[in-house]
Amino acid sequence: MNSYSVEDSSIISIVENISKFDSPSFANSGSGSLGPCEVGSPGGHSYKDFYLMAQYVTGLFIYPILCILGITGNVLALIVLGHRDMLTSTNVYLSALALADTIKLVNDAMYFLLLLVLQSSPQTGQVMISSVYPYAHYIFNMSVCVTAWLTISVAAERYICVCHPSKAKELCTIPRARLICCSVFVSMMVLSIPSGLRYRLETVHDSLNNVTCPKVVPTSLGLNEEFMLPYTWIQNSLRGIIPVFVLVYVNARIINELRKERVKGKKFSARNRITLMLIVIIFMFLVCVTPDAIMSTFFKKGYVEEDYLAKGVREITDSLLAVNSAFNFLLYCSMSQAFRVTFIKIFLPFKCGTRSPERIPLSRKNTKTDCEVVRGNGCYNDSSRETYL
């Protein structure tokens, strides 16, 4: 690839332009400088073709597809989960999770949009990229941390419902779920503040190319290794390492309990069908987040300081995070009858029956949990019973 000139191929021109700036999420956890004045990479040109191809594929193909599908799906999920027929504690967590995923995907979509600007006007694109990076770096880290701990919250509630059903009515309530979701958002927003203060925009002179251009450089806080080193370890632990270990343990307990019920010949209840769906969501989180957790933990250098092999791998791990944020809606539709019914009721009302849903008394409404089995709405047959998602 390096032997081609810009005139030889428009694709190579795009790839070479892409290589002038950093990560597809604009928000990796590395330190150091970033921008169009950046020259070269540690480790020489080994694996450069791999890095450029990974950046090209993720930036121009994977990200736009995932962002379009994911943002659309998460907005639809928020509408359905916010319906009064879907008001449960688990759905409060899933709504907050959809919101965090949407924030993450909007941040990722900026990569594709700014990349297009870069193609039409390189100078304007470079200025925009350098200006956006410090803020996008904060949004990325905050949204990933929020997603991780909301997923833990869902898993913890499922664990209580399945393994300690007698305590579920007291612990798994809607007000408690709302309080936990708000606490997760606020705490992770505060925790990620140093990420937003880690970089600043600076106009520098590139003596090698004899040009003046914008560049993202570390702030005094970003250069303070006594603070940034432990902070980076804490943040990486909270966004990846700890959630992975907690979810593996909780999932194993839930699956073991479901296996015991099947061995005893108990009927597979609606509650457990919903639990299986949430187990799939948790497994998807583990598959998509574990590679990023490994990269963030064991590669102490920033994105810019890494060699081309590490950069190329990070392109892939970042795209896996986008996959995790994009496909929950499809899981809801494919695995939850209650979600499908409410979706049809909202968007295709002419397909629903005319029977009014049975309502839970107002005095119980704020304490309803997903461990309780309630009557379905007018789209169900009279004899059917289902747990709301």
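The values are calculated or read from the model by the stated rules, or taken from the named source; none is laboratory data. Please read these numbers as outputs of a predicted model, since none were measured by experiment. Cβ coordinates were reconstructed from backbone atoms using ideal geometry, including for glycine residues, and neighbour counts include every protein chain displayed. Side chains are part of the model used for accessible areas, which takes the heavy atoms of the whole protein and leaves out ligands, DNA and RNA. Shrake-Rupley method; radii C 1.70, N 1.55, O 1.52, S 1.80 Å.
Surrounded by 15 or more Cβ atoms within 10 Å (Cβ to Cβ), farther than 23 Å from Leu113 by Cβ and at pLDDT below 85: does that describe Tyr47?
yes
Please enumerate the residues belonging to the range 50-93 that are in a helix (DSSP H, G or I) and among the β-branched types (Val, Ile, Thr).
Result: Val57, Thr58, Ile62, Ile65, Ile68, Ile71, Thr72, Val75, Ile79, Val80, Thr90, Val92.
Could you say which residue among Ile160, Ile180, Ile242 is part of a helix (DSSP H, G or I), within 26 Å of the chain's Cα centre (by Cα) and within 21 Å of Met295 (Cα to Cα)?
Going through Ile160, Ile180, Ile242 in turn, the sole match is Ile242.
Could you tell me which numbered condition Thr203 fails, if it satisfies all but one of (1) open to solvent by 30 Å² or more (accessible area, probe 1.4 Å); (2) in contact (Cβ under 8 Å) with a residue 24 or more places away in the chain; (3) over 30 Å from Asn256 (Cα atoms)?
All conditions are met except number (2).
Residue check, Ile65 against (1) open to solvent by 10 Å² or more (accessible area, probe 1.4 Å); (2) within 20 Å of Ser319 (Cα to Cα); (3) modelled with pLDDT under 90, all met but one. Which one?
So Ile65 meets the others, but not (3).
Kindly state which helices (runs of 4 or more DSSP H) lie completely within the range 285-389 and contain at least 3 residues that are within 23 Å of Val154 (Cβ to Cβ) and modelled with pLDDT of 80 or more. Steps first, please.
Values: elements: 308-326, 328-335, 337-347, 362-365.
So the answer is 308-326, 328-335, 337-347.
Of the residues that sit in the range 215-228 and are touching a Lys or Arg at 6+ places or on another chain (Cβ under 8 Å) and not in a loop (DSSP other than H, G, I, E, B), which one is modelled with the lowest pLDDT?
Only one residue fits best here, namely Val216.
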